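K.L.:
One structure, pasted below without further comment.
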Amino acid sequence: MENVSVVTRGGGSIELDGGVLDSFAFRLTGSLMAESTDGYEEARELWNAMIDTRPALIARCSTAEDVQTAIRFAAEHGLLISVRGAGHNIAGSGLCEGGLTIDLSQMRNVDVDPASMTAVVQPGATLGDVDAATLAHGLALPVGINSTTGIAGLTLGGGFGWLSRKHGLTIDSLVSAEVVTADGELVEASETENTDLFWGLRGGGGNFGVVTSFTFELHPMGPDLLCGLVVHPFADAASALPFYREFTATCPDELTVWMVLRDAPPLPFLPEEVHGTKVVVFAFVFAGDPEVGEKLVSPLRAWGSPHGEHVGVMPFADFQQAFDPLLTPGARNYWKSHNFSQLSDDLIGEILSATASLPSPHSEIFVAQVGGEAARRPIDSTAYPHRDTAYVMNVHTRWEDAGDDARCVDWAREFFDATATHATGGVYLNFVSEADDEARVRAAYGAHYDRLRELKGKYDPENVFRTNLNVRP
């Protein structure tokens, strides 16, 4: 390999000799890429096309030992590093400009043990990988709703989705983690080993090390569940949103209902004249006996005059991919998010007003129902601090042309500001679009921020892991 100039942690740069890089590459089971290497452009692609970051080096790791080798090489030369899982992070923190990216995307194995109802999952696995492996055994892990999301980033931020009201957050099913620390050591973190690190990994982001293996408890589930979408005209939204508020107030833990406001995609069960018009979508999953679920969701299906619905008992792994076509890689994305304890009339009014002025055909406002088991765990049991959240609102601003950046981002920020007085002040870590927005980063860590700083001082006092939603030591 030829010589490469690499950015250091101090902000300068260092010229690494080709022979030094060849030696580094030889020690990796995986591969080492520079800008001149075939496959580099593909390797630096992320889900969010707004991120155009060029690492000087990408170490594609295949084993935990590869990660140790990369961490130690970076420490020896003082290099700036980033850690990439599946590359879905909205803020693009998996890459670092001019530095060394430690790429885990090839480490995707999911090993399920049906007898112990556990799964050992590598950090490059996507939620689709996890769902396919676990649901084949009638077991499930509570994860997110987009199958291309990475398990590592989801877990380190907390992790919520359709099963969280029944089985808690993703972190609530984490049994242990294998972690490479800032000094290149491989350690185990669990309720019995390195317990402080285990606490911090569950909601503290990528601040304390590189997780090379997660062990999760699984839960009996499916593989078929009662799931569905009910699509209403936006003309009925002023009554649909209060109905949603009242309906979700009495849902059992097994039933989770989310609401999406957007332009109707060309769903096959909708009349063609509805495509592209504004709609309100009720999306639900019942994580229990479908016959019981049918009775519980009957008021949801009977309300109003919907354009159409797609409801039935179906493979949950398939429903987990239902929103994938709306979240494909390659578009420009900007998110703003709030947590809410309730959906007030004034907040509903702001949501309706913003929906009427969506800045692009692909933008949407979704409101996720949480609570249930996720809210019952003691707040101090994990680094994730927002157990009291009843609803999470995320504004998916999504478009294709870079010339629309300012208009779309401004719309999202204005809506965010207009709804701030109704929010708790907290935010889900994985929905923060800007890693340099210190106020929102602090809001994501909430009351646990100071404790996380102390933990950072113990495990990463030099802030080696800084290309993230950073907790400074």
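K.L.:
Quick check: is even one residue across the stretch 49-56 over 23 Å from THR149 (Cβ atoms), basic (Lys, Arg) and either assigned to a loop (DSSP other than H, G, I, E, B) or modelled with pLDDT of 95 or more (or both)? Show your work before the answer.
P.N.:
Residues of the stretch 49-56 that are over 23 Å from THR149 (Cβ atoms), as a first pass: 54, 56.
From what's left, basic (Lys, Arg): 54.
Imposing the further condition that a residue be either assigned to a loop (DSSP other than H, G, I, E, B) or modelled with pLDDT of 95 or more (or both) reduces the set to 54.
Within the stretch 49-56 (the criterion being over 23 Å from THR149 (Cβ atoms), basic (Lys, Arg) and either assigned to a loop (DSSP other than H, G, I, E, B) or modelled with pLDDT of 95 or more (or both)), the answer is yes, since at least one residue qualifies.
K.L.:
Against the condition small (Gly, Ala, Ser) and surrounded by fewer than 23 Cβ atoms within 10 Å (Cβ to Cβ), how does SER93 come out, does it pass? Talk me through it step by step, then tell me what you get.
P.N.:
Working: small (Gly, Ala, Ser): yes; surrounded by fewer than 23 Cβ atoms within 10 Å (Cβ to Cβ): no.
The answer is no for SER93.
K.L.:
Can you go through SER360, SER433 and tell me which one is in contact with a Cys (Cβ under 7 Å, 6 or more places away or on another chain) and either of a type outside the set (A, V, I, L, M) or under 27 Å from LEU327 (Cβ atoms) (or both)? Give the derivation first.
P.N.:
Values: SER433 fails: in contact with a Cys (Cβ under 7 Å, 6 or more places away or on another chain).
Exactly one residue qualifies, and that residue is SER360.
Residues checked against (1) in contact (Cβ under 8 Å) with a residue 40 or more places away in the chain; (2) closer than 30 Å to PRO361 by Cα:
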| residue | (1), (2) |
| --- | --- |
| ALA418 | yes, yes |
| LEU429 | yes, yes |
| TYR449 | no, no |
| PHE465 | yes, no |
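K.L.:
Select from the stretch 308-352 the residues that are touching a helix residue (DSSP H, G or I) at 6+ places or on another chain (Cβ under 8 Å) and small (Gly, Ala, Ser) and write down the one among them that is nearest to CYS408 (Cα to Cα).
P.N.:
Once the filter is applied, the top-ranked residue is SER337.
K.L.:
Next question. Kindly indicate the residue of the stretch 422-437 that is touching a His at 6+ places or on another chain (Cβ under 9 Å) and not in a helix (DSSP H, G or I) and also surrounded by the most Cβ atoms within 10 Å (Cβ to Cβ) among those meeting that condition.
P.N.:
This residue is VAL427.
K.L.:
Can you name the number of the only condition in (1) more than 23 Å from ALA423 (Cβ to Cβ); (2) at pLDDT 95 or above that THR328 fails?
P.N.:
For THR328, the failing item is (2).
K.L.:
ALA119 versus (1) under 13 Å from the mean Cα position of the chain (by Cα); (2) not in a helix (DSSP H, G or I): which is the lone unmet condition?
P.N.:
Of the numbered conditions (1) under 13 Å from the mean Cα position of the chain (by Cα); (2) not in a helix (DSSP H, G or I), the odd one out for ALA119 is (1).
Residue-by-condition table, conditions (1) of a type outside the set (Ser, Thr, Tyr); (2) surrounded by 14 or more Cβ atoms within 10 Å (Cβ to Cβ); (3) under 23 Å from ASN146 (Cβ atoms); (4) outside the structural domain of GLY144 (by TED's automatic domain parsing):
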residue: ARG377; (1), (2), (3), (4): yes, yes, no, yes
residue: ASP380; (1), (2), (3), (4): yes, no, no, yes
residue: HIS386; (1), (2), (3), (4): yes, yes, yes, yes
residue: VAL395; (1), (2), (3), (4): yes, yes, yes, yes
residue: ARG398; (1), (2), (3), (4): yes, yes, yes, yes
residue: ALA402; (1), (2), (3), (4): yes, no, no, yes
residue: ASP410; (1), (2), (3), (4): yes, no, no, yes
residue: ASP417; (1), (2), (3), (4): yes, no, no, yes
residue: ALA420; (1), (2), (3), (4): yes, no, no, yes
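K.L.:
Just one of GLY128, GLY94, GLY184 is within 21 Å of LEU429 (Cβ to Cβ), in contact (Cβ under 8 Å) with a residue 24 or more places away in the chain and of a type in the set (Gly, Ala, Ser); which is it?
P.N.:
Criteria check complete, one pass: GLY94.
K.L.:
Could we say that GLU15 is of a type in the set (Asp, Glu), at negative phi, in contact with a helix residue (DSSP H, G or I) (Cβ under 7 Å, 6 or more places away or on another chain) and not in a helix (DSSP H, G or I) here? Spell out how you get there, then give the answer.
P.N.:
Details: of a type in the set (Asp, Glu): yes; at negative phi: yes; in contact with a helix residue (DSSP H, G or I) (Cβ under 7 Å, 6 or more places away or on another chain): no; not in a helix (DSSP H, G or I): yes.
In short, no.
K.L.:
Among the residues of the stretch 44-58, how many are under 26 Å from HIS396 (Cβ atoms) and among the aliphatic types (A, V, I, L, M)?
P.N.:
In the first step, residues of the stretch 44-58 are kept if they are under 26 Å from HIS396 (Cβ atoms); the result is 44-53.
So of that shortlist, the ones also among the aliphatic types (A, V, I, L, M) come out as 46, 49-51.
Counting residues in the stretch 44-58 that are under 26 Å from HIS396 (Cβ atoms) and among the aliphatic types (A, V, I, L, M) gives 4.
K.L.:
Filter the stretch 379-394 down to residues that are aliphatic (A, V, I, L, M) and touching a His at 6+ places or on another chain (Cβ under 9 Å) and give me whichever is farthest from ARG332 (Cα to Cα). Before you say what the answer is, go through the steps one by one.
P.N.:
In the first step, residues of the stretch 379-394 are kept if they are aliphatic (A, V, I, L, M); the result is 379, 383, 390, 392-393.
Now restrict to residues that are touching a His at 6+ places or on another chain (Cβ under 9 Å): 379, 383, 392-393.
Numbers: ILE379: 35, ALA383: 30, VAL392: 22, MET393: 19 Å.
Looking at the filtered set, the residue picked out is ILE379.
K.L.:
Give the residue, chosen from GLU41, GLU45, GLU35, that is surrounded by fewer than 16 Cβ atoms within 10 Å (Cβ to Cβ) and closer than 27 Å to GLU438 by Cα. Steps first, please.
P.N.:
Details: GLU41 fails: closer than 27 Å to GLU438 by Cα; GLU35 fails: closer than 27 Å to GLU438 by Cα.
Exactly one residue qualifies, and that residue is GLU45.
K.L.:
Report the residue count in the stretch 288-333 for those that are acidic (Asp, Glu) and either in contact (Cβ under 8 Å) with a residue 24 or more places away in the chain or under 30 Å from GLY403 (Cα atoms) (or both).
P.N.:
Of all residues in the stretch 288-333, those acidic (Asp, Glu) come to 289, 291, 294, 309, 318, 324.
Still in the list and also either in contact (Cβ under 8 Å) with a residue 24 or more places away in the chain or under 30 Å from GLY403 (Cα atoms) (or both): 294, 309, 324.
Here the count works out to 3.
K.L.:
If you go through the stretch 71-82 one residue at a time, do you hit one that is under 28 Å from LEU154 (Cα atoms), at pLDDT 95 or above, more than 27 Å from the chain's Cα centre (by Cα) and among the basic types (Lys, Arg)?
P.N.:
Within the stretch 71-82 (the criterion being under 28 Å from LEU154 (Cα atoms), at pLDDT 95 or above, more than 27 Å from the chain's Cα centre (by Cα) and among the basic types (Lys, Arg)), the answer is yes, since at least one residue qualifies.
K.L.:
Tell me which residues, restricted to the stretch 262-274, are loosely packed, with under 14 Cβ neighbours inside 10 Å and either over 13 Å from PRO325 (Cβ atoms) or among the hydrophobic types (A, V, I, L, M, F, W, C) (or both). Working first, answer last.
P.N.:
Residues of the stretch 262-274 that are loosely packed, with under 14 Cβ neighbours inside 10 Å, as a first pass: 266, 268-269, 271-273.
The answer is PHE269, PRO271, GLU272, GLU273.
K.L.:
May I ask you to verify whether PRO385 is assigned to a loop (DSSP other than H, G, I, E, B) and over 17 Å from ASP172 (Cβ atoms)?
P.N.:
Values: assigned to a loop (DSSP other than H, G, I, E, B): yes; over 17 Å from ASP172 (Cβ atoms): no.
Against the criterion (assigned to a loop (DSSP other than H, G, I, E, B) and over 17 Å from ASP172 (Cβ atoms)), PRO385 does not qualify.
K.L.:
Could I ask something else about it? Give the residues of the stretch 344-375 that are in contact with a Pro (Cβ under 8 Å, 6 or more places away or on another chain) and surrounded by 14 or more Cβ atoms within 10 Å (Cβ to Cβ), sorted by residue number. Step through it out loud before you land on a result.
P.N.:
If we filter the stretch 344-375 for residues that are in contact with a Pro (Cβ under 8 Å, 6 or more places away or on another chain), which is where we start, we get 345, 348.
Selection gives ILE348 alone.
K.L.:
In the stretch 60-79, is there at least one residue being more than 13 Å from LEU104 (Cα to Cα), of a type in the set (A, V, I, L, M, F, W, C) and part of a loop (DSSP other than H, G, I, E, B)?
P.N.:
no
The values are calculated or read from the model by the stated rules, or taken from the named source; none is laboratory data. Nothing here was measured: the structure is a model prediction, and the numbers come from that model. Please note: Cβ atoms are built from the backbone with ideal geometry, for glycine as well, and neighbour counts cover all protein chains shown.
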